[in-house]
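The structure appears below as structure tokens.
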Ligand code: ATP
Ligand code: MG
């Protein structure tokens, strides 16, 4: 192979990841990246499930632990690659026995337990389309997604079924089978997953799979509007695998913990698919966030690579650094973060507290895999999302009044370095989404002049590092300036009393909008007029003209289910409007 990101041995790869960034970009092709995978025997195509399971189960890694599940009550369950092969074979055979056709959609509503991973990989091996739902969703978001995705099978627990599905079952016209997990009595209208699995063979051969065939249906987080169903194909696995090597510095001996729930694209692409294609051991934790337990887990499981999110890091940052020091985290070698802007303060905290910088990276449900990243072998610039992956072309396009790329006669124009504009990507990489399901026009509107328009505003410095400015929809227009809320939030978070901030534009007759901040205080701080004035002055010193003019204290900022601050709800709150169709939003206040 003429291009080799790993170096001659996998040990070299770990320490020398992408030190020659420019060289790797020049030499990289996706065709060569595909050679890091097996492909189906006899050149019969490419299947995500085969790359994650079959090729290890029939090789030297067959008895290696693929997934170690840490149950909420402390129980540990391990599945080796060979066991994963048998269980997912049963699931694939079960789909066949139910008459499910390849291409039909299988949904899950499950916590981070073995059945979820088996259903996902079994469906992919069978060539069904898998669509995971976050288990904390209420009935309405579940109904909306199963209906939008034409779900024919749903796998869930009896408890979740009774609470969330039974009341809306009559509305789920496409759904033919509900399979419930566990040994107990199955509710009426459902079948026992275990019974059906026991009745079929534990061997299944993956049939020829067209790499362009639909494999996954992922709904976006719904931060800026109703969630959209992004369609991904089997070929995406080439990008999952390669970006995990390059951006997460992952190699087969690693113990990898991705804290994202598989109900979101990060939890599927990097919590399941990418590490398994590399033959890594994954930690799957059923529990919710708890600072002490998380540190304990990092230490006890000897996690080497940890992929998490700014919200989780901010929660850890609320605790004194001594808590981290109580645990032996010497195995941990690489930390990455995604999903929201990573405030420079969080990178510095990582260095101080864990002795490791946090490597921010950027991507979206639509791109299916990491696009822009701070790499292990390169300087981390705190506050920057990093540089595009080899094989990914990113640019910043001139924007119009509305913050979005300016399109004239179908054409767009890149801006010089350090100028804000809409972040755009050249489509054509394997994990690029192939459509929003049943929303053709919306999909077409995402493209102009040969670029995919991401809806995010960013700038690129003279060294090629990208800096997030805000979502085009969130940007504040004040007295002729466009202000990215992230910059203001980050500055406020440098104040010792501030744990988190959400910043919006508040309508103003003179300026159009003024900057208003909602601030959550760290434990031990009490809201007062004095503190508010202090924060306003602090903001003015740091930010000058773009400083917040109004600050209110709010210990309950609204978050999406995936943990992002929902500025549109803050806006609605501020205007005294009803907070929209809250039942369909992934509000944290369920
Ligand atoms: P919706 O599209 O439904 O409004 P969403 O955009 O939040 O929801 P996702 O696809 O889960 O849904 O999130 C992708 C978005 O998250 C990006 O477009 C960007 O706005 C934000 N994001 C992801 N990573 C980063 C990062 N490293 N820095 C800043 N923002 C990020
Ligand atoms: Mg989005």
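Of note:
- Cβ pairs under 9 Å, 6+ apart, first in segment 20-31 and not assigned by TED's automatic domain parsing to the domain that holds residue 388 and assigned to a helix (DSSP H, G or I), second surrounded by fewer than 12 Cβ atoms within 10 Å (Cβ to Cβ) and at pLDDT below 95: 27/2
- The set of residues in segment 448-463 being away from ligand 1 (no atom under 16 Å from the Cβ) and in contact with a strand residue (DSSP E or B) (Cβ under 7 Å, 6 or more places away or on another chain) consists of 448, 449.
- Residue tally, condition away from ligand 2 (no atom under 16 Å from the Cβ) and more than 21 Å from residue 108 (Cα to Cα), over segment 205-224: 8
- Taking the criterion of being more than 16 Å from ligand 2 (Cβ to nearest atom) and either under 18 Å from residue 231 (Cβ atoms) or surrounded by 15 or more Cβ atoms within 10 Å (Cβ to Cβ) (or both), the residues of segment 428-450 that qualify are 428, 429, 430, 434, 438, 440, 441, 444, 448, 449.
- Residue-level analysis places residue 423 among those that are outside any helix (DSSP H, G or I), within 15 Å of ligand 2 (Cβ to nearest atom) and at negative phi.
- Taken over segment 458-479, the criterion of being within 20 Å of the chain's Cα centre (by Cα), more than 12 Å from ligand 2 (Cβ to nearest atom) and within 19 Å of residue 516 (Cβ to Cβ) is satisfied by 469, 470.
- Neighbours by Cβ (under 7 Å, 6+ apart or cross-chain): first from segment 297-326, surrounded by fewer than 17 Cβ atoms within 10 Å (Cβ to Cβ); second in a loop (DSSP other than H, G, I, E, B): 302/331; 318/522; 318/523
- For segment 265-276, the count of residues that are surrounded by 19 or more Cβ atoms within 10 Å (Cβ to Cβ), modelled with pLDDT under 95 and under 29 Å from residue 364 (Cβ atoms) is zero.
- Segments classed as strands (runs of 3 or more DSSP E), wholly inside segment 471-565, with at least 2 members that are more than 16 Å from ligand 1 (Cβ to nearest atom) and at pLDDT 90 or above: 498-508, 512-521, 550-553
- Checking each residue in segment 55-67 for being more than 13 Å from residue 118 (Cα to Cα) and either surrounded by 16 or more Cβ atoms within 10 Å (Cβ to Cβ) or touching a strand residue (DSSP E or B) at 6+ places or on another chain (Cβ under 9 Å) (or both) picks out 55, 56, 57, 61, 62, 63, 64, 65.
- Residue among 179, 193 that is assigned by TED's automatic domain parsing to the domain that holds residue 131, under 18 Å from residue 112 (Cα atoms), buried (at least 21 other Cβ atoms within 10 Å of the Cβ) and more than 27 Å from the chain's Cα centre (by Cα): 193
- Matching residues, segment 387-405, being out of contact with any helix residue (DSSP H, G or I) (no Cβ under 8 Å at 6 or more places or on another chain), touching a residue at least 60 places away in the same chain (Cβ under 8 Å) and surrounded by 24 or more Cβ atoms within 10 Å (Cβ to Cβ): 396
- Cβ-Cβ under 8 Å pairs, at least 6 apart or on other chains, segment 220-240 side closer than 13 Å to residue 269 by Cβ, far side assigned to a strand (DSSP E or B) and within 16 Å of ligand 2 (Cβ to nearest atom): 230/217; 230/218; 230/219; 230/436; 232/217; 232/218
For (1) closer than 18 Å to residue 274 by Cα; (2) touching a helix residue (DSSP H, G or I) at 6+ places or on another chain (Cβ under 7 Å); (3) buried (at least 19 other Cβ atoms within 10 Å of the Cβ), each residue gets a yes or a no:
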{"residue": "85", "(1), (2), (3)": "yes, yes, yes"}
{"residue": "88", "(1), (2), (3)": "yes, yes, yes"}
{"residue": "102", "(1), (2), (3)": "no, yes, no"}
{"residue": "107", "(1), (2), (3)": "no, yes, yes"}
{"residue": "110", "(1), (2), (3)": "no, yes, yes"}
{"residue": "116", "(1), (2), (3)": "yes, no, yes"}
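- Members of segment 207-226 found to be away from ligand 1 (no atom under 16 Å from the Cβ) and surrounded by 22 or more Cβ atoms within 10 Å (Cβ to Cβ), listed by number: 209, 215
The values are calculated or read from the model by the stated rules, or taken from the named source; none is laboratory data. Computed from a predicted model, the values in this text were never measured in an experiment. Positions of Cβ are generated from backbone atoms using ideal geometry, with glycine treated the same way; all protein chains shown enter the neighbour counts.
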